[in-house]
1. Give me the strands (runs of 3 or more DSSP E) completely within region 212-293, filtered to those with at least 1 residues that are surrounded by fewer than 17 Cβ atoms within 10 Å (Cβ to Cβ), ordered by residue number.
2. Looking at (1) of a type in the set (D, E, K, R); (2) under 22 Å from the mean Cα position of the chain (by Cα); (3) at pLDDT below 85, which one does GLU332 not meet, given that it meets all the others?
3. Would a scan of region 294-308 turn up a residue that is of a type in the set (Ser, Thr, Tyr), at pLDDT 85 or above and over 24 Å from LYS192 (Cα atoms)?
4. From PRO47, PRO55, grab the single residue that is modelled with pLDDT under 70, over 21 Å from ILE86 (Cα atoms) and out of contact with any helix residue (DSSP H, G or I) (no Cβ under 8 Å at 6 or more places or on another chain).
5. Would you please list the contacts, defined by Cβ atoms under 7 Å and residues six or more apart or on different chains, that run from a residue in region 199-218 that is touching a residue at least 12 places away in the same chain (Cβ under 8 Å) to a residue that is surrounded by fewer than 16 Cβ atoms within 10 Å (Cβ to Cβ)?
6. Could you run through region 218-254 and say how many residues are charged (D, E, K, R) and closer than 16 Å to SER273 by Cβ?
7. Test ARG252 against the criterion of being among the basic types (Lys, Arg) and either under 16 Å from ALA315 (Cα atoms) or touching a Leu at 6+ places or on another chain (Cβ under 8 Å) (or both), and give yes or no.
8. Find all pairs meeting these conditions: Cβ atoms under 9 angstrom apart; at least six residues apart or on different chains; first residue within region 309-321 and over 15 Å from PHE191 (Cβ atoms); second residue assigned to a strand (DSSP E or B) and among the charged types (D, E, K, R).
Amino acid sequence: MYVPGLFNKIKYLLSFALLSFIWLVLAMVWFDRFIPPFDRLIPYLMPWKGFFAIPVKASLEKKLSIMQELLDLSNRVANIAFIILIVSFTIFSGYLTFVYQQKQRRARENRLLLMKNQEIARRNEFIRYISATIGHEFKNNLGRIKRRIDLLSDIPQDAITRIDENLDKLFADIDIFKKISDEREAILIDFKKVNLTEMLKDMAKQYTDMADIIFQNEMPALAIFASQTLLKTVFENIMDNAVKYKKSEQSRAQVLISFAMDIDGRRRYVSLSFRDKGIGMDEQQADRCFYKGKSIGEGWGEGLYFAKYVVGLHAGRIKVGKEYTLPDVGAEIIINLPFVEEAINV
């Protein structure tokens, strides 16, 4: 199984081991001192040391000239090795600095994401407080109205009965509204690390009776920081649209799901493509499908408007893949979500 963090660590270790070996060889060339077993590299790096022999019958002056040439050659090679050593070490240091800065930047982005989610939680807490206050005030005022109605003696009994039934229904609706509000806002607060792959596969199982869902490429175990319930609703809205807007001659919707890693502004994203083979959309519909009340004809309802809102809460993006979105061809929805590479609590 592909594990992004482990793969990166192995890649960095192998790269560092290779660079260390190269630096060690260059240092031995520079110092002209080879330690076993690296002395076996002398014939390849400095062949004149092992294969070049000074003629025995040469004059002293000729021998000194040859030895000086060999010494100059060794010095030139040593200087070249030293320059390569310094340049490569400088480049490697710059690369490590760049990687460290990238990691720090992603850590800052994760902290900002946490701060954003905490701000959302505070706002949702305020909304929940307002909802509870409004519900409480409604119930108090309705209770006062009911008590005043009970004081009126000239109202027929059957009218009082119907009024009581209506008020009881209003009380029940207020309680339901408060419960839904509490549950919905609690969902928005619940951001945690989620296995995106399992979520998509579980979602696909729910539509086996209505759609043929094909995963075009094998998805590794991907982690994202999300509200699982809200994100699941986004995927279900997209699948519901594929089922609702399939072609009349199709007995089942056909949906292709593909995965890719995308980089935008040095930030890594998980890119998900949902491509169906239904009635599709024209260019005008594609431009307006994410805006509430802007759909054309039956449009695509308000599901994509809600999807855009939720994806925005997750610091992601959603768009129509216009290359495959055409009338009578199908529609493609592409979602980009931030990829979690480090622990959130860095």
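1. Fully inside region 212-293 and qualifying: 253-264, 267-276.
2. (3)
3. no
4. Result: PRO47 is the single residue among PRO47, PRO55 that is modelled with pLDDT under 70, over 21 Å from ILE86 (Cα atoms) and out of contact with any helix residue (DSSP H, G or I) (no Cβ under 8 Å at 6 or more places or on another chain).
5. Filtered contacts from region 199-218: MET203/GLU236; MET210/ARG252; ALA211/ARG252; ASP212/ARG252.
6. 1
7. no
8. Sorted first by the residue in region 309-321, then by its partner, the pairs are ARG317/ASP264; VAL320/GLU332; GLY321/ARG275; GLY321/GLU332.
The values are calculated or read from the model by the stated rules, or taken from the named source; none is laboratory data. Only a predicted model underlies this, so the values are computations on that prediction, with no experimental measurement involved. Cβ coordinates were reconstructed from backbone atoms using ideal geometry, including for glycine residues, and neighbour counts include every protein chain displayed.
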